[in-house]
Amino acid sequence: MADKFKLALYWAASCGGCEIAVLDTEEKILDIDANFDIVFWPVAVDFKVKDVEALPDKSITVCLFNGGIRNSENEEMAKLLRKKSVVMVAFGSCAQEGCIPGLANLYSRESIFDYVYHQSPSVDNPDGVTPHPESRVNGYTMTLPVFYERLRPLHHVVDVDYTIPGCPPQSDQVGAVITTLIDILANGKELPPKGTVLGAGEKTCCEECLREREEKKISRFYRPHEIIADPDKCLLDQGVFCMGPATRSGCGGKCVNAGIPCRGCYGPPPNADDPGARIIAAISSVLDAETEEDVNRILDTLADPVGTIYRFGLADSIIPVSLDFNHKGDE
Amino acid sequence: MATEPRIIGFLCNWCSYTGADLAGVAKMKTSPNVRIIRTMCSGRIDPEFILKAFRKGADGVLVSGCHFGDCHYQEGNFKAMRRVAMLKRILARLGISPDRLKMVYISAAEGDLWAKTTFEFTETVRALGPFDRTRLNALYPAGNGENEKTPEKGTGEITANEVHHG
Ligand code: SF4
């Protein structure tokens with residue numbers, strides 16, 4: 001048999017959930033092992049960056065890259081793996097659109113450092129030390145990655161071939177993608193067109209939701225713990241802010257089925273650039289508001305509007321960063 | 001010299017655009033700072049249009065629909081009003097003054113009101129100063145093309161051929 005295909009997995013600015021999602025494919029892991037040589041996977045396998053550097057260009061068949069680009073190390077690794085890989089996959093919401101780490105784009109780098117190294121209640125830093133990209137100790141120069149001004153999704157930094165959305169991508173979807181990929185590679189079939197979103201649907205979460213919609217008008221929002229929602233009726237109709245209408249299908253509606261509103265982790269649906277704009281468009285038909293004041297009164301019941309509508313997509317949205325960090329008083 | 005404010009006006013076809021047309025036919029003076037884009041209904045104005053207008057260089061955005069009760073499509077103007085109100089909140093948190101976005105209601109007979117509104121809003125936006133989009137431009141150095149979501153391009157297309165070499 002010819003050499004096995006080569007697979008690399010990497011994490012940049014992410015939480016680690018995407019790695020678990022790969023492991024959660026259970027026995028599919030054996031298929032991965034049977035068909036791929038894992039040449040790099042820091043969380044599970046002991047290869048070093050220099051091993052990747054030593055590989056010929058385009059010698060990695062597929063790279064599953066999770067995490068956003070927050071510092072110079074993330075960027076270097078993204079560029080290195082892009083160079084070495086034939087197929088680059090943005091794996092998970094952070095790599096696709098920034099995800100939760102992308103919400104830090106609402107704050108300046110200075111205020112993030114100030115909070116993390118000085119203000120946070122759990123910090124013990126009597127000397128007030130803050131990391132610097134370069135410092136001299138005993139005549140040696142030590143370096144740390146440079147923390148960038150903002151977080152960018154992977155496709156802002158390198159060319160991305162495919163995207164697997166989700167926070168994290170659901171394991172059944174990951175398993176199915178892997179099975180398809182192995183079939184394509186092993187049998188010399190045509191790859192899907194560049195830019196294809198893999199492991200997800202072409203509809204919205206809302207279109208696949210089993211809850212009954214009645215086009216009710218709502219006069220306030222409830223957080224999930226403030227209401228015992230009817231188990232069969234649409235959550236949005238009951239005032240629970242649901243991102244279902246602005247989110248790509250593919251997760252199987254696990255949250256809405258369990259009574260928790262969709263938070264939007266599968267990213268915007270096909271033909272939508274901006275999840276926030278999409279949900280504002282959708283919500284406008286259910287608000288019981290005849291004036292802008294009415295709208296404001298209803299919005300006052302929604303904790304953190306930007307964090308709610310851009311929870312996953314801020315770093316890849318039309319205005320992906322706060323333009324004025326002097327804004328005080330977070331909603 | 002200070003730069004002139006650039007304002008995008010989204011006007012519904014049935015009331016506001018006809019009103020603006022009336023202002024023109026009657027040779028009323030309107031503010032040249034307002035560039036009009038006609039939509040069939042103010043309810044057709046996707047929040048994306050407004051965000052993109054700001055991203056691509058507008059200092060202010062004016063949304064104009066029929067008076068309540070007059071919408072050709074029943075309640076498109078209510079939807080537009082709600083969208084504008086929600087967007088203002090979001091803009092504020094994103095560091096863009098909500099006063100740069102305004103919803104007005106102008107009927108087909110109110111050419112004079114349209115003319116007055118264009119000057120008033122131009123002055124509001126002028127008072128706010130040019131919208132400082134330095135940070136935005138740094139994000140999208142490619143300029144004003146449609147496909148701005150990928151500011152830096154990586155490598156080229158992949159081909160099935162490249163994959164199969166083992
Ligand atoms: S609960 Fe959410 S996903 Fe389900 S129908 Fe309502 S808005 Fe759509």
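Computed quantities for the displayed model
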| quantity | calculated |
| --- | --- |
| Test: residue in the range A:93-100 that is closer than 30 Å to A:T247 by Cβ and in a strand (DSSP E or B) | no |
| Matching entry among A:S72, A:S93 (being closer than 28 Å to A:L23 by Cα, more than 14 Å from chain B (Cβ to nearest Cβ) and surrounded by fewer than 24 Cβ atoms within 10 Å (Cβ to Cβ)) | A:S72 |
| Residue match in the range A:264-285 (condition: within 13 Å of the ligand (Cβ to nearest atom), among the aliphatic types (A, V, I, L, M) and away from every other protein chain (no Cβ under 14 Å)) | no |
| Check on A:G259, in contact (Cβ under 8 Å) with a residue 12 or more places away in the chain, within 11 Å of the ligand (Cβ to nearest atom), in a loop (DSSP other than H, G, I, E, B) and at positive phi | yes |
| Extreme residue, farthest from the ligand (Cβ to nearest atom), among residues of the range A:198-237 that are β-branched (V, I, T) and touching a residue at least 40 places away in the same chain (Cβ under 8 Å) | A:I218 |
| Subset of the range A:307-327 (residues that are crowded, with 21+ Cβ neighbours inside 10 Å, in contact (Cβ under 8 Å) with a residue 12 or more places away in the chain and β-branched (V, I, T)) | A:I309, A:I318, A:V321 |
| Conditions (1) more than 18 Å from the chain's Cα centre (by Cα); (2) more than 16 Å from the ligand (Cβ to nearest atom); (3) in contact (Cβ under 8 Å) with a residue 24 or more places away in the chain; (4) in a loop (DSSP other than H, G, I, E, B); number of the one not met by A:E190 | (3) |
| Per-region count, the range B:27-46, residues buried (at least 22 other Cβ atoms within 10 Å of the Cβ) and within 12 Å of another protein chain (Cβ to nearest Cβ) | 3 |
| In the range A:23-80, the residues that are of a type in the set (S, T, N, Q) and farther than 24 Å from A:C94 by Cβ | A:N35, A:S59 |
| Tally of residues being surrounded by fewer than 21 Cβ atoms within 10 Å (Cβ to Cβ) and not small (G, A, S) across the range A:6-21 | 3 |
| Options A:L185, A:L103; residue that is in contact with a strand residue (DSSP E or B) (Cβ under 9 Å, 6 or more places away or on another chain), surrounded by 11 or more Cβ atoms within 10 Å (Cβ to Cβ), aliphatic (A, V, I, L, M) and within 18 Å of A:G68 (Cα to Cα) | A:L103 |
| Residue within the range A:87-100 that is out of contact with any strand residue (DSSP E or B) (no Cβ under 7 Å at 6 or more places or on another chain) and free of Cβ contacts under 8 Å to residues at least 60 places away in the same chain present | no |
| Odd one out for A:R150, checked against (1) more than 16 Å from the ligand (Cβ to nearest atom); (2) modelled with pLDDT of 95 or more | (2) |
| Strands (runs of 3 or more DSSP E) wholly inside the range A:1-92 that include at least 1 residues being under 20 Å from A:T196 (Cβ atoms) and under 19 Å from the mean Cα position of the chain (by Cα) | A:5-11, A:60-66, A:85-91 |
| Count of residues meeting criterion [near the ligand (Cβ under 9 Å from one of its atoms) and in contact with a helix residue (DSSP H, G or I) (Cβ under 7 Å, 6 or more places away or on another chain)] in the range A:242-255 | 6 |
| Residue match in the range B:84-98 (condition: on the phi > 0 side of the Ramachandran plot, at the interface with chain A (Cβ under 7 Å from one of its Cβ atoms) and either crowded, with 21+ Cβ neighbours inside 10 Å or of a type outside the set (D, E, K, R) (or both)) | yes |
| B:R135 vs. criteria part of a helix (DSSP H, G or I) and either at pLDDT 95 or above or in contact with a Cys (Cβ under 7 Å, 6 or more places away or on another chain) (or both) | no |
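Residue-wise test of (1) within 16 Å of the chain's Cα centre (by Cα); (2) modelled with pLDDT of 95 or more.
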position: A:Y266; (1), (2): yes, yes
position: A:D273; (1), (2): yes, no
position: A:R278; (1), (2): no, yes
position: A:E293; (1), (2): no, yes
position: A:I298; (1), (2): no, yes
position: A:Y310; (1), (2): yes, yes
position: A:L314; (1), (2): yes, yes
position: A:K328; (1), (2): no, no
position: A:E331; (1), (2): no, no
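The values are calculated or read from the model by the stated rules, or taken from the named source; none is laboratory data. None of these values were measured; they are calculated from a predicted model. Please note: Cβ atoms are built from the backbone with ideal geometry, for glycine as well, and neighbour counts cover all protein chains shown.
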